[in-house]
Amino acid sequence: GAGVSQSPSNKVTEKGKDVELRCDPISGHTALYWYRQSLGQGLEFLIYFQGNSAPDKSGLPSDRFSAERTGGSVSTLTIQRTQQEDSAVYLCASSPGDRPGTQYFGPGTRLLVL
Amino acid sequence: GEDVEQSLFLSVREGDSSVINCTYTDSSSTYLYWYKQEPGAGLQLLTYIFSNMDMKQDQRLTVLLNKKDKHLSLRIADTQTGDSAIYFCAESPPGGYQKVTFGTGTKLQVIP
């Protein structure tokens, strides 16, 4: 079956512009995660959605970052007024929820802020 | 908070065994995981171990867990050039729908 997909695969933007990153999880997966991976760094947790529960937003680095998940499926991560330090790979993962560490990752969106 | 640490880099010769180590701080961790990330790709789950197990073997992969010392290792037998990647360990606490903590990743370089 289809895995997790993300779009766009690459995004170049100018400092100060807003960007939207999209994630299509595996159908039926109740949990969805966003992570950020900077060059040579590990994974930085951003936000986590589980079913109809309120999302865990504890990892969002500033109020310029927001995310939503519509209909329990597709998720959009929005970064407003982008800064150069936002340049990174943004990874999305989904999980069936019975074992939270069993996550299926998308290929990521590579964001470059000039 | 939870912390998961790994060494940054490991270099081995093709055909040798690789051992990637990880330490974690959360004693309530229920599951521990190993992920592989190839260049330009997302992470792929390799294997996981439940905290009441000491060892798990899956073909060339052997996971060892020392719960007392909170130490996890991944052994890759007969390492191949295709094993060159970044390996992440991760832990999740009990309770079902919870945040997972990933380590910093170990870059494995296999020398032909």
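At least 2 residues that are in contact with a helix residue (DSSP H, G or I) (Cβ under 9 Å, 6 or more places away or on another chain) and of a type in the set (A, V, I, L, M) in each: list the strands (runs of 3 or more DSSP E) lying fully within chain B that qualify.
Working: elements: B:4-6, B:9-13, B:18-24, B:31-37, B:43-50, B:55-58, B:61-66, B:71-76, B:85-92, B:106-111.
Answer list for chain B: B:106-111.
So is B:Lys56 charged (D, E, K, R) and within 30 Å of A:Thr109 (Cα to Cα) or not?
Working: charged (D, E, K, R): yes; within 30 Å of A:Thr109 (Cα to Cα): no.
The answer is no for B:Lys56.
Scanning the stretch B:69-112 for residues that are open to solvent by 30 Å² or more (accessible area, probe 1.4 Å) and touching a Leu at 6+ places or on another chain (Cβ under 8 Å), which turns out farthest from the other protein chains (Cβ to nearest Cβ)?
Selected residue: B:Arg75.
Give all pairs with beta carbons closer than 6 Å in which a residue from the stretch A:41-69 that is more than 18 Å from A:Arg22 (Cα to Cα) meets a residue that is surrounded by fewer than 17 Cβ atoms within 10 Å (Cβ to Cβ) and modelled with pLDDT of 90 or more; count only pairs at least 6 apart in sequence or on separate chains.
none
If we scan the stretch A:38-52, do we find a residue that is open to solvent by 50 Å² or more (accessible area, probe 1.4 Å), within 11 Å of the chain's Cα centre (by Cα) and within 11 Å of chain B (Cβ to nearest Cβ)? Lay out the reasoning, then the answer.
Here is the first cut: in the stretch A:38-52, the ones open to solvent by 50 Å² or more (accessible area, probe 1.4 Å) are A:39-41, A:44, A:52.
Okay, now just the ones that are also within 11 Å of the chain's Cα centre (by Cα), so A:44.
With within 11 Å of chain B (Cβ to nearest Cβ) added as a condition, the list becomes A:44.
Checking the stretch A:38-52: at least one residue is open to solvent by 50 Å² or more (accessible area, probe 1.4 Å), within 11 Å of the chain's Cα centre (by Cα) and within 11 Å of chain B (Cβ to nearest Cβ).
Go through the stretch A:63-105 and count every residue that is within 14 Å of another protein chain (Cβ to nearest Cβ), within 19 Å of A:Gly42 (Cα to Cα) and either part of a strand (DSSP E or B) or at pLDDT 95 or above (or both).
9
Among the strands (runs of 3 or more DSSP E) contained in the stretch A:1-44, which hold 2 or more residues that are over 21 Å from B:Gly40 (Cβ atoms) and of a type in the set (Lys, Arg)?
Values: elements: A:5-7, A:10-13, A:19-24, A:31-37.
Correct list: empty, since no element meets the threshold.
Can you work out which of the residues in the stretch B:20-50 that are away from chain A (no Cβ under 11 Å) and under 18 Å from A:Gln103 (Cβ atoms) is surrounded by the most Cβ atoms within 10 Å (Cβ to Cβ)? Even if it seems obvious, please write down each step before you answer.
Looking only at the stretch B:20-50, we keep the residues that are away from chain A (no Cβ under 11 Å), and these are B:20-28, B:39, B:46.
Narrowing further to those that are under 18 Å from A:Gln103 (Cβ atoms): B:22, B:24, B:26, B:46.
Details: B:Cys22: 25, B:Tyr24: 20, B:Asp26: 15, B:Leu46: 17.
Going through the qualifying residues, I end up with B:Cys22.
Looking at this structure, is A:Leu60 assigned to a loop (DSSP other than H, G, I, E, B), within 30 Å of B:Ser7 (Cα to Cα), open to solvent by less than 40 Å² (accessible area, probe 1.4 Å) and of a type in the set (A, V, I, L, M, F, W, C)?
Values: assigned to a loop (DSSP other than H, G, I, E, B): yes; within 30 Å of B:Ser7 (Cα to Cα): yes; open to solvent by less than 40 Å² (accessible area, probe 1.4 Å): yes; of a type in the set (A, V, I, L, M, F, W, C): yes.
Yes, satisfied.
Which of the numbered conditions does A:Leu91 fail, given that it passes all the others? Conditions: (1) surrounded by fewer than 21 Cβ atoms within 10 Å (Cβ to Cβ); (2) in contact with a strand residue (DSSP E or B) (Cβ under 8 Å, 6 or more places away or on another chain); (3) among the aliphatic types (A, V, I, L, M).
(1)
Sort out which residues of the stretch A:24-37 are within 9 Å of chain B (Cβ to nearest Cβ) and within 17 Å of A:Arg110 (Cα to Cα), and write them in order of number.
Taking the stretch A:24-37 first, the residues within 9 Å of chain B (Cβ to nearest Cβ) are A:30-31, A:33, A:35, A:37.
Selection gives A:Tyr33, A:Tyr35, A:Gln37.
Residues to consider are B:Ala77, B:Ala41, B:Ala85; find the one that is at pLDDT 90 or above and under 19 Å from B:Leu8 (Cα atoms). Give the steps one after another, and end with the answer.
Values: B:Ala77 fails: under 19 Å from B:Leu8 (Cα atoms); B:Ala41 fails: at pLDDT 90 or above.
Sole residue among the options that is at pLDDT 90 or above and under 19 Å from B:Leu8 (Cα atoms): B:Ala85.
The values are calculated or read from the model by the stated rules, or taken from the named source; none is laboratory data. All values derive from a computational prediction rather than experimental measurement. Ideal geometry is used to build each Cβ from the backbone, glycine not excepted, and the neighbour counts take in all protein chains shown. For the accessible areas, the whole protein counts, side chains as well, though only heavy atoms, and no ligand, DNA or RNA atoms are used. Shrake-Rupley method; radii C 1.70, N 1.55, O 1.52, S 1.80 Å.
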